[in-house]
1. Taking the Cα atoms only, what angle lies between the long axis of helix 331-341 and the longest principal axis of the chain, rounded to 10 degrees?
2. Taking Cα atoms, how many degrees apart are the long axis of helix 270-283 and the longest axis of the chain, rounded to 10 and kept between 0 and 90?
3. Cα centroids of region 102-128 and region 321-338: how far apart, whole angstrom?
4. Show that you can apply the helix-only estimate: for the chain, add -39,500 (n - 2.57) for every DSSP H stretch of four or more residues, divide by all residues, and state [θ] at 222 nm to the nearest 500.
5. How would 265, 127 line up from fewest to most surrounding beta-carbon atoms within 10 angstrom?
6. Can you compute the modelled spin-label distance between residue 22 and residue 120, with each label point 7 Å from Cα toward Cβ, in nm?
7. Taking the Cα of residue 100, stepping 7 Å toward and past its beta carbon, and measuring to each backbone N in region 116-141: which are under 14 Å?
8. With all pairs of different alpha carbon atoms counted, what Kirkwood hydrodynamic radius in Å does region 44-283 show?
């Protein structure tokens with residue numbers, strides 16, 4: 001089914017920051033499966049963990065324990081400061097689970113409160129409920145009628161949140177950085193104010209860390225910059241490093257699911273949990289996150305130089321989740337197309353870019369991208385832009 005436009009290329013193999021198409025042309029990948037490949041393509045540690053687990057046990061079923069799932073749950077609880085974990089197959093499913101958990105909490109503890117305040121331009125997934133929770137333009141009409149109960153506030157405007165709080169409100173849900181909106185950051189002071197607001201009204205604070213979690217911003221979790229702790233947090237994308245896994249984490253007092261409330265055929269199977277454990281081993285190793293921060297500074301400095309040349313605004317974002325505005329009505333899409341075309345020249349190397357908006361590029365390289373690869377990415381990006 002035609003669900004997205006794709007270039008007429010077939011990619012056949014990958015390693016680290018690089019992809020090769022079926023004609024063996026190389027491409028430096030700054031998309032990495034939309035921030036999924038935390039350690040790049042076919043990271044040796046990840047391949048080894050998956051191979052070893054595949055030879056031992058793939059899927060005993062979600063109705064019994066396996067060795068890897070409790071190990072991963074304990075690891076995530078320790079790293080997040082939260083207490084319990086439910087595994088899913090994707091970030092969207094994790095967000096769907098967060099919505100269910102908050103609504104049941106509201107039924108049990110807040111007199112049936114069910115509304116979850118979300119934000120304009122937010123993105124939480126493509127299930128019917130998460131599309132309704134999202135504030136992406138057009139989502140409200142695509143599969144109407146929407147799931148009700150998601151009033152929309154404006155990011156970084158506390159008064160817009162306060163105006164929506166009512167006796168039916170149970171939670172506030174947002175991304176620390178709105179990725180699909182074009183890398184729009186929730187200001188740390190705003191997140192601290194949200195925590196205080198939720199505490200004052202007895203509401204749950206839910207952080208969607210599907211894109212920002214697992215080191216993407218240079219810290220383990222995107223909300224750490226604000227120094228606040230959520231009641232519920234969701235993960236996906238980078239947690240598995242390329243295999244499909246998501247996670248819903250919550251404080252003990254919020255965990256009100258009972259047997260039969262929630263489940264999933266493949267949830268928490270040992271293969272994906274082994275992969276996630278390998279990713280966490282790498283990301284929490286000494287020196288890894290400081291290196292992410294260093295590469296992020298290098299990439300941002302190069303993007304700012306490009307912005308100064310083109311007359312655009314400085315780069316936005318944190319760590320290795322960055323965005324660059326380009327002048328021209330369709331400049332980002334044209335740059336992404338030109339990046340692919342670079343590989344067609346004899347000895348050429350292509351560049352994979354994500355035009356998250358017509359005039360905005362989103363850059364999500366592997367977290368272990370090398371310094372010389374950052375320099376090369378900036379050089380290739382310059383070649384994708386109109387001549388000076």
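1. 60 degrees
2. Once rounded, one gets 70 degrees.
3. 34 Å
4. One gets -11000 deg cm²/dmol as the mean residue ellipticity at 222 nm.
5. 265, 127
6. 4.5 nm
7. From region 116-141, the list is 127-130.
8. 18.0 Å
Every number in this text was worked out from the coordinates using simple rules, so none of it is lab data. Here the structure is a predicted model, which is why all the values come from computation and not from measurement. Glycine gets a Cβ as well: all are built from the backbone with ideal geometry, and neighbour counts include every protein chain shown.
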